[in-house]
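Chemist: Let me give you the structure first, and then I'll get to my questions.
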Amino acid sequence: MRMYDIIMKKRNGAELTAEEIRFFVEGYTKGEIPDYQASALMMAIYFRKMTRRETAALTMAMAHSGDMLDLSAVRGIKVDKHSTGGVGDKTSLALAPMAAACGIPVAKMSGRGLGHTGGTIDKLESFPGFTTALTREQFIENVNRIGIAIMGQTAELAPADKKLYALRDVTATVDNMSLIASSIMSKKLAAGADAIVLDVKTGSGAFMKKETDARALAEEMVQIGRDAGRRTSAVISDMDQPLGYAVGNALEVKEAIAALRGEGPADFMELCDTLGSQMLLAGGRAQSREEARGMLKEAVRTGSALKKLAEFVEAQGGNPAAVYDTELLPKARLVQSVPAPKSGYVNRIACDEVGICSLILGGGRETKESGIDLSVGLVLGKKVGDWVEKGEPLAMIHANDPGRADAARKRFLLACEISETEPVKRPLIRDILS
Ligand code: URA
C-alpha cells in the first residue's frame, strides 16, 4: 500500500477501505508517513468528506493507535464529558468539580486549543505548577481518592489524534464532521469512561455553524459511542456568542471559579446544569433532571464543588491557593476598554472573530511548536440583546503588547453589530439526544 495512492483516491472522491485508513493512521503515528502527506490527506477529506463507514473506521483506528485505558480499578460509573469546541467555553473547569462533588467519578481526557477555540488543558495550566502529564496509575489513584482527574493525550493514549489534532490546527482542516467526530470519539473510547456526555456546539463560534450539521455530528458521535458499548448522550448548545463573558485562558479560569462561588453568568450556569444533569443521570446518581439540577446547585451553594476544584488542582501539582485568591493567576499588563461607537442593542457578536481576537493577543498557537500567553484575552461588557450607551465598554482587552491590543480592538469592533431594534434571543439549549 502507498500513501500517495490513498491521498489520490480520497482526492478523487472515492471511499477508503478500513485497511487503507488503518495503514495511514498506523504509519503516521509511527512517524513513517510525513506531515506533508498527512496534511494532503486531511485537506482531501475536508473537501471530499467521509462516509459513516469511513468515519467509524478512522475513529477505531485512532482509538487503537495507542493503549485503551482500563478504568475497571476506579469505583463507580466513570463519566467523561467533551465539547466540540467553542469560544469562552470553560465548562469543564466548573462542571468536572461540580459532578465530582455529587459523587460522579470524573475521569477525563482533555485537549489544547484548536483553531479559534480554547482547550481545557491550556486553561488549567493557568494554575502555577499544574500538569496533566499523569501516569495511568496516578490518574486512577486520583479519581479514586478525590473523584476527579484530567489528563492530556500521551504517547500511549490515542497518539494518532494527538498528532492529527496539532496538524489540523495549523492547516485549516479542523471543521470537518468526520475529522471532529473521529478525533473526539477516539479519545473518549481510549480514555475508558463508561459513559460519555457530548456538548455539540452550533453557531458562529462553533466548527459546525449550522444547526443541521451540529445535529448530524451529534448523531454520528452518539452512534459511534453506543456501537462501542458506552452510554453516550449529546446536548446541542448555542455558540453564536461567547459562553459567559471571559475569553482567554486565565480569564476563563477566573470566571469558572466565580461560577463555583455561585457568581457565574446565567448562560454558563445553565449549560453546566444541563450537561451536569446528563452526567448525573448517566452515572446513576440521580433519577430525574430536576433531582440532578438540585444536587448540582447544592454542590455550588455549600462550597463543596469549589473545594473539589482546589483538591483537584493540588493533586495535579497546581497551587490550590489560586482557587481562593485569583490574583495568583497570570495577569496581563494592559487592560483597555473597547468603547461602543454608538448607542443601541447589541445585535450580534461574531463569535469565531472573538476567538481570533484572543489568538491575536497571543492566547493561541500559530504553529504546532509555538507557546501561548495564558494571561491575555477579552472580557465582554455586553452580551447579545443588551443595551449599550455610546462610549460604554463593549469589552475589556487584556494584553501584554500594545500593537496586538490595537489589532484585537479593531477586529472586535468589526465583530460587533449594534442596532436600534432588540434582537430575538437564540435559546442556549437546542436539544438533548439521550
Ligand atoms: N475537539 C476535539 O477533540 N477534536 C476536534 O476535532 C474538535 C474539537
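The values are calculated or read from the model by the stated rules, or taken from the named source; none is laboratory data. Keep in mind it's a predicted model, so treat the numbers as computed, not measured. Don't worry about glycine lacking a Cβ; one is built from the backbone with ideal geometry, like all the others, and counts go over all protein chains shown. All accessible areas refer to the heavy atoms of the entire protein, side chains included, with ligands and DNA or RNA removed. Shrake-Rupley method; radii C 1.70, N 1.55, O 1.52, S 1.80 Å.
Chemist: If the limit is 23 Å between Cα atoms, which of Lys30/Lys201; Lys30/Lys162; Lys162/Lys383; Lys9/Lys162; Lys254/Lys342; Lys123/Lys410 go over it? Could the numbers behind the result be given before it?
Modeler: Numbers: Lys30/Lys201 33 Å; Lys30/Lys162 12 Å; Lys162/Lys383 34 Å; Lys9/Lys162 25 Å; Lys254/Lys342 30 Å; Lys123/Lys410 25 Å.
Violating the 23 Å Cα-Cα cut-off are Lys30/Lys201; Lys162/Lys383; Lys9/Lys162; Lys254/Lys342; Lys123/Lys410.
Chemist: Given an 8 Å cut-off on Cα distances and at least 6 residues of separation, report the relative contact order of the chain as a percent.
Modeler: With pairs under 8 Å counted, the relative contact order is 19 percent.
Chemist: Decide, for the stretch 1-91, between rounded, prolate and oblate: order the square roots of the alpha carbon gyration tensor eigenvalues as a ≥ b ≥ c, take rounded if a/c falls under 1.5, and otherwise choose prolate if a/b is larger than b/c, else oblate. Let's see the in-between values first.
Modeler: Numbers: a/c = 2.22, a/b = 1.64, b/c = 1.36.
Taking the square roots of the gyration eigenvalues as a ≥ b ≥ c, the stretch 1-91 is prolate.
Chemist: Right, something else. Return the percentage of antiparallel bridges among DSSP beta bridges fully within the chain, rounded to the nearest 5 %. Working shown, then result.
Modeler: On the way: 23 of 42 bridges.
In the chain, DSSP labels about 55 percent of beta bridges as antiparallel.
Chemist: Apply the a/c threshold of 1.5 to the C-alpha gyration tensor of the stretch 79-324 and tell me whether it is rounded, prolate or oblate. Write out the running numbers ahead of the final one.
Modeler: Numbers: a/c = 1.27, a/b = 1.20, b/c = 1.06.
Verdict is rounded for the stretch 79-324.
Chemist: Please compute the modelled spin-label separation between Ile429 and Glu19, points set 7 Å along Cα→Cβ, answer in nm with one decimal.
Modeler: Result: 4.8 nm between the two label points.
Chemist: R0 = 51 Å: FRET efficiency of Lys49 with Asp386, Cβ-based, nearest 0.05?
Modeler: Working: r = 39 Å, r/R0 = 0.76.
Between Lys49 and Asp386 the formula returns 0.85.
Chemist: Let me ask another. Which value results when the Cα radius of gyration for the stretch 198-271 is divided by 2.2 N^0.38 Å? Don't jump to the answer; show the numbers that get you there.
Modeler: Values: Rg = 14.6 Å, N = 74, 2.2 N^0.38 = 11.3 Å.
Normalised by 2.2 N^0.38 Å, the Cα Rg of the stretch 198-271 equals 1.29.
Chemist: Remind me, relative contact order of the stretch 331-419 in percent, using alpha carbon pairs under 8 angstrom and six or more residues apart? Intermediate values should be presented prior to the final figure.
Modeler: Working: 179 pairs, mean separation 42.5, N = 89.
Taking the mean separation of contacting Cα pairs over the length of the stretch 331-419, I get 48 percent.
Chemist: Which three extents, in whole angstrom, do the alpha-carbon atoms of the stretch 59-198 cover along their principal axes, largest first?
Modeler: For the stretch 59-198, the Cα extents along the three principal axes come out at 41, 31, 27 Å.
Chemist: Could you please tell me the mean projected area of the C-alpha convex hull for the chain, averaged over all directions and given in square nanometres to one decimal?
Modeler: Working: hull surface 77.9 nm².
So the Cα hull casts an average projection of 19.5 nm².
Chemist: Connecting C-alpha atoms closer than 10 Å in a GNM of the chain, tell me which of Leu260, Leu251, Leu334 has the biggest fluctuation.
Modeler: Fluctuation is largest for Leu334.
Chemist: Can you show me the helix-derived [θ] at 222 nm for the chain, built from DSSP H runs with n ≥ 4 at -39,500 (n - 2.57) apiece and divided by the number of residues, rounded to the nearest 500. Working shown, then result.
Modeler: Working: 17 runs with 197 residues, N = 434.
For the chain, the value works out to -14000 deg cm²/dmol.
Chemist: Take every DSSP beta bridge with both residues inside the stretch 331-419 and express the antiparallel ones as a percent of the total, to the nearest 5.
Modeler: Numbers: 16 of 16 bridges.
For the stretch 331-419, the DSSP antiparallel bridge percentage is about 100.
Chemist: Give me a comma-separated list of calculated 3J(HN,Hα) values for the stretch 107-124, in order, Karplus coefficients 6.51, -1.76, 1.60 applied at θ = phi - 60°, integers in Hz, x for any Gly or Pro.
Modeler: 10, 10, 10, 10, x, 9, x, 9, x, 8, 9, x, x, 4, 5, 4, 4, 5
Chemist: Could you give the length gained by full extension between Asn12 and Thr131, i.e. 0.36 nm per residue of separation minus their alpha carbon distance, to one decimal place? Please list the in-between numbers first.
Modeler: On the way: separation 119, 0.36 × 119 = 42.84 nm, distance 4.35 nm.
Contour length minus the Cα-Cα distance gives 38.5 nm.
Chemist: Dipole of the chain, Cα-centred, from +1 at each Lys and Arg C-beta and -1 at each Asp and Glu C-beta, to the nearest 20 debye?
Modeler: With only Lys, Arg, Asp and Glu charged at Cβ, the dipole is about 320 debye.
Chemist: Can you give the accessible area of His398 in Å² (nearest 10), computed on protein heavy atoms with a 1.4 Å probe?
Modeler: Looks like 30 Å² after rounding.
Chemist: Name the shape class, rounded, prolate or oblate, that the alpha-carbon gyration tensor gives for the stretch 41-116, where a ≥ b ≥ c are the square roots of its eigenvalues, rounded holds for a/c under 1.5, and otherwise prolate holds if a/b is larger than b/c and oblate otherwise.
Modeler: Values: a/c = 3.01, a/b = 1.50, b/c = 2.01.
Note, shape of the stretch 41-116 comes out oblate.
Chemist: Within the chain, which is the longest segment that contains none of the trypsin sites (Lys or Arg not before Pro) sitting in a DSSP loop with at most 12 other Cβ atoms within 10 Å? Present the calculation step by step, with values, prior to reporting the outcome.
Modeler: Values: sites that count: Arg2, Arg75, Lys210, Arg333, Lys342, Lys390, Lys425.
That would be 76-209.
Chemist: Given a Förster distance of 25 Å, report the FRET efficiency between Lys410 and Glu327 from their Cβ-Cβ distance, rounded to the nearest 0.05. Spell out each step's value before the answer.
Modeler: Details: r = 30 Å, r/R0 = 1.21.
Result of the calculation: an efficiency of 0.25.
Chemist: Would you report the distance distribution of C-alpha pairs in the stretch 3-48 as whole percents per 10 angstrom bin, up to the bin with the largest distance?
Modeler: That works out to 30, 61, 9, in percent per bin.
Chemist: Could you give the C-alpha radius of gyration of the stretch 261-336 expressed as a fraction of 2.2 N^0.38 Å, taking N as the number of residues it contains? Walk me through the intermediate numbers first.
Modeler: On the way: Rg = 15.3 Å, N = 76, 2.2 N^0.38 = 11.4 Å.
Expressed relative to 2.2 N^0.38 Å, the Cα Rg reads 1.34.
Chemist: Another one. Out of all DSSP beta bridges in the stretch 79-324, what portion is antiparallel? Express it as a percent rounded to 5. Spell out each step's value before the answer.
Modeler: Values: 1 of 19 bridges.
Within the stretch 79-324, antiparallel bridges account for around 5 percent of the total.
Chemist: With +1 on each Lys and Arg Cβ and -1 on each Asp and Glu Cβ, how big is the dipole of the stretch 79-324 about its Cα centre, in debye rounded to the nearest 20?
Modeler: Taking the Cα centre of the stretch 79-324 as origin, the dipole is about 320 debye.
Chemist: At Glu366 and Gln138, where each label point lies 7 Å from the Cα along Cα→Cβ, what is the point-to-point distance in nanometres?
Modeler: Computed distance between label sites Glu366 and Gln138 equals 3.2 nm.
Chemist: Starting from the stretch 355-434, pick out the GluC sites (Glu not before Pro) whose DSSP state is loop and whose Cβ has at most 13 other Cβ atoms within 10 Å. All intermediate terms of the calculation are to be shown ahead of the outcome.
Modeler: Numbers: sites: Glu366, Glu369, Glu389, Glu417, Glu420; in loops: Glu366, Glu369, Glu389, Glu420.
Those that pass, being in a loop and sparsely packed, are Glu366, Glu369, Glu389, Glu420.
Chemist: Please state, to two decimals, what the Cα-based radius of gyration of the stretch 331-419 comes to when divided by 2.2 N^0.38 Å (N = residues). Show your work: numbers first, answer last.
Modeler: Values: Rg = 13.1 Å, N = 89, 2.2 N^0.38 = 12.1 Å.
Relative to the 2.2 N^0.38 Å estimate, the stretch 331-419 comes out at 1.08.
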